[in-house]
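All remarks here apply to the structure that follows.
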Amino acid sequence: MSDVIAVPHETVRWSIPTDATFEDFRARYEAAVPALDLAEAAKARAERPSWDAILAATAKSAPHGFLRYWSTDAGDIMRLAGDDGLCVTYLMGNHTIAERMYRHDPTVMLYAPLRTTIHQDREGVTRFSIDQPSTQFSSFGIVDIAAVGRALDYKVANLLRDLDVAVPPGLLTES
């Protein structure tokens, strides 16, 4: 077991109030972060376009820099146990950005795409929650990966602004 690597690290989780109804914020988020077009992705795999073509196509389809790779209505599932909370979980990211880290260490895929939730808290406030990318990616101890993590912090902040959500000042501090 001498080759096992353990990396303790601290992650900052943000739970940000949205001042919107759950349904409204979910609709705005899903419009701002479109689902990955699986048919286009399959076509690209078959055609093997250049990386430059993939970069251009991704930039065009991800207006805020992010795509939705997966989602589940966790609240719907939890209602089976009698819980009544509203919660949708997403994997949000951009494979062209992830590649800039992956080339240094494929383990970054533990955190890419980014996991997010839209949920209602116990007081009925709709919240957007995310672990701060820079605090996750800095744990790799690789300068180039950490730089992408900080750039993702700014992309998340810009997405929040575009969704009319206040950006917590600490989201944009150096980690």
### Query
Quick check, is residue 117 touching a Phe, Trp or Tyr at 6+ places or on another chain (Cβ under 6 Å) and within 29 Å of residue 23 (Cα to Cα)?
no
### Query
Quick one: how many residues across region 129-175 are acidic (Asp, Glu) and closer than 22 Å to residue 20 by Cβ?
3
### Message
Tell me whether region 73-81 contains one or more residues that are over 19 Å from residue 23 (Cβ atoms) and either loosely packed, with under 15 Cβ neighbours inside 10 Å or aromatic (Phe, Trp, Tyr) (or both).
### Response
yes
### Query
Is there any pair linking a residue in region 80-99 that is under 20 Å from residue 133 (Cβ atoms) and without any contact (Cβ under 8 Å) to a residue 24 or more places away in the chain to one that is aliphatic (A, V, I, L, M) and surrounded by 15 or more Cβ atoms within 10 Å (Cβ to Cβ), with Cβ under 7 Å and at least six apart or on different chains, and which?
98/108; 98/112
## Note on the structure
Considering region 126-150, residues that are surrounded by fewer than 16 Cβ atoms within 10 Å (Cβ to Cβ) and assigned to a helix (DSSP H, G or I), and then whichever is nearest to the chain's Cα centre (by Cα), we arrive at 147
### Task
Could you grab the pairs with beta carbons closer than 7 Å, sequence gap of 6+ or different chains, first residue in region 33-46 and touching a residue at least 40 places away in the same chain (Cβ under 8 Å), second one outside any helix (DSSP H, G or I)?
33/64; 33/66; 33/67; 33/68; 33/92
### Task
Within region 10-22, identify whether any single residue is free of Cβ contacts under 8 Å to residues at least 12 places away in the same chain and out of contact with any Pro (no Cβ under 6 Å at 6 or more places or on another chain), and answer yes or no.
no
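Laboratory data are not the source of any read-out in this text; all were calculated from the coordinates shown. Computed from a prediction, not measured in an experiment: that's the story for all the values here. With ideal geometry, Cβ positions are generated from the backbone for all residues, glycine too; neighbour counts draw on all protein chains shown.
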